[in-house]
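Here's the structure we're looking at; comments come further down.
The values are calculated or read from the model by the stated rules, or taken from the named source; none is laboratory data. Values in this document were obtained by computation on a predicted structure and should not be read as measured data. For neighbour counting, all protein chains shown are included, and Cβ atoms are generated from backbone atoms with ideal geometry for every residue, glycine included. Heavy atoms of the whole protein, side chains included, go into the accessibility calculation; ligands, DNA and RNA do not. Shrake-Rupley method; radii C 1.70, N 1.55, O 1.52, S 1.80 Å.
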Amino acid sequence: MEVETTKAGFRARLDAERAAGRSVGLVPTMGALHDGHLSLLAAAGAECDVVALTIFVNPLQFAAGEDIDAYPRPIERDLELAEAAGTAVAFTPSTDEMYPVPTATTVHVDGLTGSMEGASRPTHFDGVTTVVAKLFNVAGPCRAFFGEKDFQQLAVVRRMVADLDLPVAIVGCPIVREPDGLARSSRNVYLSVEERAVAPALHRALEAGARLVEAGERDAREVAARIAGLVADAAPFQLDYAEVVDPTTLEALEELVPGTEVRLLVAARLGTPRLLDNLGVLVP
Ligand code: AMP
């Protein structure tokens, strides 16, 4: 595995791969790799000739007070895991390399970014779309692999690529979970033993919501209220939101239409971290 720290080096390497006729699979991350990230590398390896991983903790997507300095950065271990997973190139730029001067340009996706994560973290998605657009421009034409774990982010990135005609095909990958149902996350390391024991309640609440839909409930607000109630009852969770939305537009639904796919999403604080989870369900 080659490690590139400059945009020019990363771009040149991927240009050379494409010139040799090889397809590129890009996996953007903030590092602290776990099985969720490794599943994206595996998907990229299955679909593309060359797997490129990026590790960059992007200051633009952290607000003041969100502790970016505390974000885990086990870079040596990440590089070992990435190499073992078949990564050909890892791009690990410094903040100065990505932002040599403060950016005057921001990529903003309207509409999809106002609710849920965007309501709780108003500057977050502009930070995400700005850095992802930069990474796409540096990497060049590729397939880019994102987890459904961050479902709103996936929808926002898809929309940005469509609106700006970026030469990137977005591939969404299923959520990787712990055996007890907790979605894998770099932030799970912040959970105390007691919080970790309660954490799977988030996934169980989504499953209860899905069962309600499958049993014939057609009022999306009832489903959202059930999920919210279950999470609120699971102390010490502090519910942020529970929503039932259209998976493409992310619009909150009222009536559930038979034959359509809907997405149940939830976010709640548990001690230090905010945990996110979501589940797709087909309305019978
Ligand atoms: P992050 O490093 O947290 O920014 O995540 C990088 C990528 O990994 C994003 O596309 C995430 O959605 C994805 N990801 C994170 N956790 C999981 C998971 N448990 N299952 C699948 N994908 C994940």
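Taking the Cα centre of the range 186-241 as origin and assigning +1 to Lys and Arg Cβ atoms and -1 to Asp and Glu Cβ atoms, the resulting dipole is close to 100 debye. Of the residues Gly36, Gly181, Gly65, the one that moves most in a GNM of the chain with alpha-carbon contacts below 10 Å is Gly65. Taking Cα pairs under 8 Å and at least six residues apart, what relative contact order does the range 69-133 come out at, in percent? Averaging sequence separation for qualifying contacts and normalising by length gives 25 percent for the range 69-133. Toward the positive end of the charge dipole of the range 200-267, with +1 on the Cβ of Lys and Arg and -1 on the Cβ of Asp and Glu, the farthest Cα among Leu264, Ala235, Thr249 is that of Ala235.
Once backbone amide H atoms are built at 1.01 Å from N, Ala169 has Cys142, Arg143, Ala144 as its partners under 5 Å, excluding neighbours fewer than 5 places away on the same chain.
Straightening the chain between Leu282 and Glu261 buys 7.1 nm, computed as 0.36 nm per residue apart minus the Cα-Cα spacing. Provide the net charge surrounding Asp67, with neighbours chosen by a C-beta distance below 13 Å and charges set as Lys +1, Arg +1, Asp -1, Glu -1. Cβ neighbours under 13 Å give a net charge of +1. Annotation: amide H of Ala85 has no partner in the under-5 Å range at sequence separation 5 or more or interchain, hydrogens built in the peptide plane.
Between Asp180 and Ser120, the contour length at 0.36 nm per residue exceeds the alpha carbon distance by 18.9 nm.
The packing ranking, built from the mean of other Cβ atoms within 10 Å per residue, places the peptides 244-251, 47-54 in the order 47-54, 244-251, highest first.
The distance separating the Cα centre of the range 1-51 from that of the range 198-235 comes to 37 Å. Per-atom-type breakdown for the range 1-123 gives carbon and sulfur 53% of the accessible area (1.4 Å probe, protein chains only). Scaling the Cα radius of gyration of the chain by the globular reference 2.2 N^0.38 Å produces a ratio of 1.02. Sorting 94-101, 197-204 by their mean Cβ neighbour count within 10 Å, with the most densely packed peptide first, gives 197-204, 94-101.
The charge dipole of the range 20-123, taken about the Cα centre with unit charges on the Cβ atoms of Lys, Arg (+1) and Asp, Glu (-1), comes to about 160 debye, rounded to the nearest 20.
The orientation-averaged projected area of the convex hull spanned by the Cα atoms of the range 1-99 comes to 6.4 nm².
Using just its DSSP H runs of length 4 or more, each adding -39500 (n - 2.57), the chain gives a mean residue ellipticity at 222 nm of -11500 deg cm²/dmol after division by all residues. Relative contact order for the chain: 17 percent, from Cα pairs under 8 Å spaced at least 6 residues apart, divided by residue count.
Note on the range 156-284: Cα Rg divided by 2.2 N^0.38 Å, N the number of residues, gives 1.12. The listed peptides 70-76, 272-278, ordered by packing as a protection proxy, come out as 272-278, 70-76 (highest mean of other Cβ atoms within 10 Å first). Taking all Cα-Cα distances within the range 159-200, those exceeding 17 Å account for 51%.
Our summary gives the range 172-284 a relative contact order of 26 percent, counting only alpha carbon pairs under 8 angstrom and 6 or more residues apart.
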